[in-house]
Amino acid sequence: MSQKTQTFLGNGLNFPLRTDARGQVALVTGAEDIEQSIRIILGTRQGERVMRPTFGCRAHELLFEPRSATTASLMQEYVHQSLRMWEPRIEVKGVNIVFDDSNPGALIAEIEYSIKATHDTRSIVYPFFIEDEQEVI
């Protein structure tokens, strides 16, 4: 990746914060910065940041919703909306929500995106945990 492309894609603080070998705050650049940004957006509940109350993803509102096609559809829309709003360096190609059979309380978001500056197509998998309603016997 050229220096000009890396400059456009930007750089930022490594998340979680850590120091590099020289004792300075570690930075990430390029595609790694974008991937960390996506994880931060999806992991932040709207209203969690006082100075930016609309930042984040509404998927966390689905906590305690039953495992259903409706819940998966809402989560798909919330993920797509949040990435479109908060990560302008990418174009979201698709969001697929998969039920995790090994963990009944988890929905997996499979996100395919391309980096606008390089047209590099990438994907990321992000787990969301919900609690399914327990059946009364």
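Being at pLDDT below 85, touching a Lys or Arg at 6+ places or on another chain (Cβ under 9 Å), surrounded by 13 or more Cβ atoms within 10 Å (Cβ to Cβ) and at positive phi is true for just one of GLY10, GLY56. Which residue is that?
Working: GLY56 fails: at pLDDT below 85.
Result: GLY10 is the single residue among GLY10, GLY56 that is at pLDDT below 85, touching a Lys or Arg at 6+ places or on another chain (Cβ under 9 Å), surrounded by 13 or more Cβ atoms within 10 Å (Cβ to Cβ) and at positive phi.
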Item to check | Filtered residues of the range 85-109 (kept if among the charged types (D, E, K, R), modelled with pLDDT under 95 and exposed (fewer than 14 other Cβ atoms within 10 Å of the Cβ)) | outcome: ASP101
Checklist entry - Scanning the range 60-84 for residues that are out of contact with any strand residue (DSSP E or B) (no Cβ under 7 Å at 6 or more places or on another chain), crowded, with 17+ Cβ neighbours inside 10 Å and not polar (S, T, N, Q), which turns out farthest from PRO104 (Cα to Cα)? => result LEU74
Item to check | Restricting the range 43-69 to residues that are touching a residue at least 60 places away in the same chain (Cβ under 8 Å) and assigned to a loop (DSSP other than H, G, I, E, B), the residue that is nearest to LEU83 (Cα to Cα) | outcome: LEU63
Item to check | Filtered residues of the range 81-112 (kept if in a strand (DSSP E or B) and among the hydrophobic types (A, V, I, L, M, F, W, C)) | outcome: ILE90, VAL92, VAL95, ILE97, VAL98, PHE99, ALA106, LEU107, ILE108, ALA109, ILE111
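The values are calculated or read from the model by the stated rules, or taken from the named source; none is laboratory data. Worth saying up front: this structure is predicted, and the values here are computed from it rather than measured. Heads up, the Cβs are rebuilt from the backbone with ideal geometry, glycines too, and the neighbour counts pull from every protein chain shown.
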